[in-house]
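Chemist: Can you keep this structure in mind? I'll have questions shortly.
None of the figures in this text is laboratory data; all of them are computed from the coordinates on show. Everything quoted here is computed from the prediction, not taken from an experiment. Using ideal geometry, Cβ is built from the backbone for each residue, glycine included, and neighbour counts are taken over all protein chains shown.
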Amino acid sequence: MTGKLAILAGRGAMPKALAEAYPDAVCVSFDGVETPVPRVDAHHRFEAFGALLDDLKERGVERLVLAGGVGRPPLDPQSFDPFMQSLAPRLLAALQGGDDALVRLVVSIFEEAGFAVIGAHELLPELTAAPGLLAGDAPDAAARADITRAKQILTALSPLDVGQAAVVDTGIALGIETQQGTDEMLRFVSEASQTLRGKGGVLVKRPKIGQDLRVDMPAIGPETVRAAARAGLQGIVIAANQVVLIDRAALIAAAGETGVFLLAEAE
């Protein structure tokens, strides 16, 4: 797919990597969201979504990639432009749902306006990992049983739009990712009573069933590995080709330094 590209930039390393790989792309930043892109071509407010759409069209943009974390920014309804006012009922309904509902709304708005929404992994395939062991030793039988259990938990929770990660140790669920994120879950696990712990446990991270990977792909980075090590985990298992590896070289180096295995498995 061709056509002028815009990078709607959030937090984290991904927007910067995309901007460097696609120097002709239009880089857009937003109020309240610090982004590391080397340049900003346009700056917008979420409350003035109509102005954003008009600006992109005037610049000849045909393709969009939403990159980096944004979270749920505070919105001032008094500052809504007419377009946002027209979206208010749909926005309210989406905000009462989980992240997937909000993501689906954002994607549909752009698509209704005539833009093609593409995933960062489509522009930078090296962001994800093919099936295989990326670092450390292959999981033993106990770890494999924990991996299976964590996958079962995530499959069961998937329709509820809760989170993308779980920690299991000796069959016991020690942590489920919620809105606070993976690192906060791992901090919680690190403080769990030793009476609940077995030989170490594993972190499994993968998309929810039906998740739109164009705009909400799970991600792990070097700090995820270090947090897993602090929590005493044996390893991390990710869905092959469906989880972003932030700073891949540093991530794998961190796994080697901490002794945490890193495994990508086909779903």
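Chemist: Obtain the radius of gyration and the Kirkwood radius of region 5-123 from its C-alpha atoms and give Rg over Rh.
Modeler: Reported Rg/Rh (Cα atoms, Kirkwood Rh): 0.94.
Chemist: Please report the antiparallel percentage of the DSSP beta bridges confined to the chain, to the nearest 5.
Modeler: 35
Chemist: Same structure, new question: Determine which aspartates and glutamates satisfy two conditions relative to Lys16: a Cα distance under 14 Å, and not lying fewer than 8 residues away in the same chain.
Modeler: Filter leaves Asp24, Glu34, Asp41, Asp247.
Chemist: Among the aspartates and glutamates, which have Cα under 14 Å from the Cα of Lys208 when same-chain residues fewer than 8 positions away are ignored?
Modeler: Answer for Lys208, where 14 Å is the Cα cut-off: Asp99, Asp100, Asp161, Glu177, Asp216, Glu267, listed by chain and number.
Chemist: Of all alpha-carbon pairs in region 58-217, indicate the percentage at a distance above 30 angstrom.
Modeler: 30
Chemist: Would you mind calculating the relative contact order of region 5-123 from Cα pairs under 8 angstrom and at least 6 residues apart, reporting the percent as a whole number?
Modeler: Relative contact order, region 5-123: 28 percent.
Chemist: Now a separate question. Calculate, in whole percent, how much of the Cα-Cα pair population of region 1-75 lies beyond 13 Å.
Modeler: Roughly 62 percent, rounded to a whole number.
Chemist: Same structure, new question: Hydropathy first: keep DSSP H helices in the chain averaging at least -1.0 on Kyte-Doolittle, then drop any whose Cα extent along the axis falls short of 18 Å, and list what survives.
Modeler: The answer, listed by residue number, is 82-95, 99-112, 141-157.
Chemist: Pairs of Cα atoms under 8 Å, at least six residues apart: use those to get the relative contact order of region 67-211, whole percent.
Modeler: Computed value for region 67-211: 19 percent relative contact order.
Chemist: Provide the three semi-axes, in whole Å and in decreasing order, of the ellipsoid equivalent to the chain as defined by the square roots of 5 times the Cα gyration tensor eigenvalues.
Modeler: Semi-axes, largest first: 35, 20, 15 Å.
Chemist: Specify, per residue and in Å³, the volume enclosed by the convex hull of the alpha carbon atoms belonging to region 128-265.
Modeler: Cα-based convex hull of region 128-265, divided per residue, equals 94 Å³.
Chemist: What order, most packed first, do the peptides 136-146, 25-35 have when packing is the mean number of other Cβ atoms within 10 Å of each residue?
Modeler: 25-35, 136-146
Chemist: Based on the mean of other Cβ atoms within 10 Å per residue, sort peptides 83-89, 103-109, 10-16 so the most packed one is first.
Modeler: The densest-packed peptide leads the list: 10-16, 103-109, 83-89.
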